[in-house]
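Chemist: I'd like to ask you about the structure that follows.
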Amino acid sequence: MNPSAHTPAGQPVSAEAVFRVRNLGKVYGTGHAAVRALAGVDLDLHAGELVVLLGASGSGKSTLLNLLGGLDSPTEGHLHYRGWNLGHAAEAALTRYRREAVGFVFQFYNLIPSLTARENVALITEIARNPMAPAEALAMVGLTPRADHFPAQLSGGEQQRVAIARAIAKRPEVLLCDEPTGALDVHTGITVLEAIQRINRELGTLTVVITHNAVLAEMADRVFTLSDGRIQNSHTNSTRRSVTELAW
């Protein structure tokens, strides 16, 4: 999907925020076993932004990311993507949305061991509507020399960059990254975050990174800090710093 496309429901997209979230809530379970993961979240996310969601484990940031990505549905409130009511979409529409509009990067790489880096990326390009060539996506994350290596022949950081290449190969409007450096050492994590920054800068992809590491706040345009399922504070950085400038 893109700004000139239509939503899965066939409604024209608007020129407003990519995501418009109002009073968003999510409850898991019922009765005495109910757990409120999100409570009254309000935010707008715009094209081309790099946004960091900060918070400890259990703060609600992964739940929010899953709702934005169409992996889960809210219990209450309003969640709109390009004017389309994502929060009440049918499963078939959500599947199309995830396939066309969103790229996911998780803490663990989920690569297929029997396929090379190029072949892992090609799994996405074969089903995407307007994909990059696998070689182009791998070049964007600096892995051209490793394109024909299998995951077992790659370091953890290289495997994560293959996962990023796979996520961006379909040219998504939104890139959602859930603790993308959580399993990596600092040096390797910097390389991965540099790739994410480059994609955001060069492709104009709305990029949301969730982390518990406050150091990453300065790489973002905007930062939201979550606690107990709520946004406790937010701020805008006047200058976005490159990953290598952060105080590691």
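Chemist: Relative contact order for segment 165-247: what percent, with Cα pairs under 8 Å and sequence separation of 6 or more?
Modeler: Computed value for segment 165-247: 28 percent relative contact order.
Chemist: When all alpha-carbon pairs of segment 15-73 are counted, what percent fall beyond 14 Å?
Modeler: Counting every Cα pair in segment 15-73, those more than 14 Å apart make up 61 percent.
Chemist: Let me ask another. Can you tell me how segment 116-200 classifies by the Cα gyration tensor, rounded, prolate or oblate, using a/c under 1.5 as the rounded cut? Write down the numbers at each step before the final one.
Modeler: Numbers: a/c = 1.91, a/b = 1.25, b/c = 1.53.
It comes out oblate by the Cα gyration axes.
Chemist: Note down the nm distance, to one decimal, between modelled labels 7 Å out along Cα→Cβ at residue 148 and at residue 123.
Modeler: That separation, rounded to one decimal, is 2.2 nm.
Chemist: Oh, and also: In segment 148-248, if every C-alpha pair distance is counted and binned at 10 Å from zero, what percent goes to each bin?
Modeler: Distribution as computed: 14, 46, 33, 7, 1 percent.
Chemist: So, in nm, how far is label residue 115 from label residue 185 when the simple model puts each one 7 Å beyond its Cα toward the Cβ?
Modeler: Spacing of the two 7 Å Cα→Cβ label points: 3.0 nm.
Chemist: Could you give the length gained on full extension between residue 139 and residue 235, defined as 0.36 nm per residue of separation minus the Cα-Cα distance, in nm?
Modeler: Length gained, residue 139 through residue 235: 31.2 nm.
Chemist: From a point 7 Å beyond the Cα of residue 212 in the direction of its Cβ, which residues of segment 144-187 have a backbone N at a distance under 17 Å?
Modeler: Answer for this model: 178-186.
Chemist: Over segment 145-208, what is the relative contact order in percent, taking alpha-carbon pairs closer than 8 angstrom and at least six residues apart?
Modeler: Answer for segment 145-208 is 39 percent.
Chemist: Cβ under 15 Å from residue 169's Cβ, residue 169 left aside: what net charge do those residues give with Lys, Arg +1 and Asp, Glu -1? Mind showing how you got there, number by number?
Modeler: Details: positive: 98, 99, 118, 129, 161, 166, 170, 171, 198; negative: 100, 119, 126, 136, 173, 202.
That works out to +3.
Chemist: Between residue 202 and residue 98, what is the label-to-label distance in nm when each label sits 7 Å out along the Cα-to-Cβ direction?
Modeler: If labels sit at residue 202 and residue 98, their model points lie 2.8 nm apart.
Chemist: Under 17 Å from a label point 7 Å along Cα→Cβ of residue 108: give me every residue in segment 135-161 with its amide N that close.
Modeler: 151-152, 156-157, 159-161
Chemist: Take the Cα atoms of the chain, build their convex hull, and give its volume per residue in Å³.
Modeler: So the per-residue Cα hull volume is 129 Å³.
Bear in mind these aren't lab numbers, they're just calculated from the coordinates by the rules spelled out. None of these values were measured; they are calculated from a predicted model. In this analysis, Cβ positions are derived from the backbone assuming ideal geometry, glycine residues included, and neighbour counts consider all displayed protein chains.
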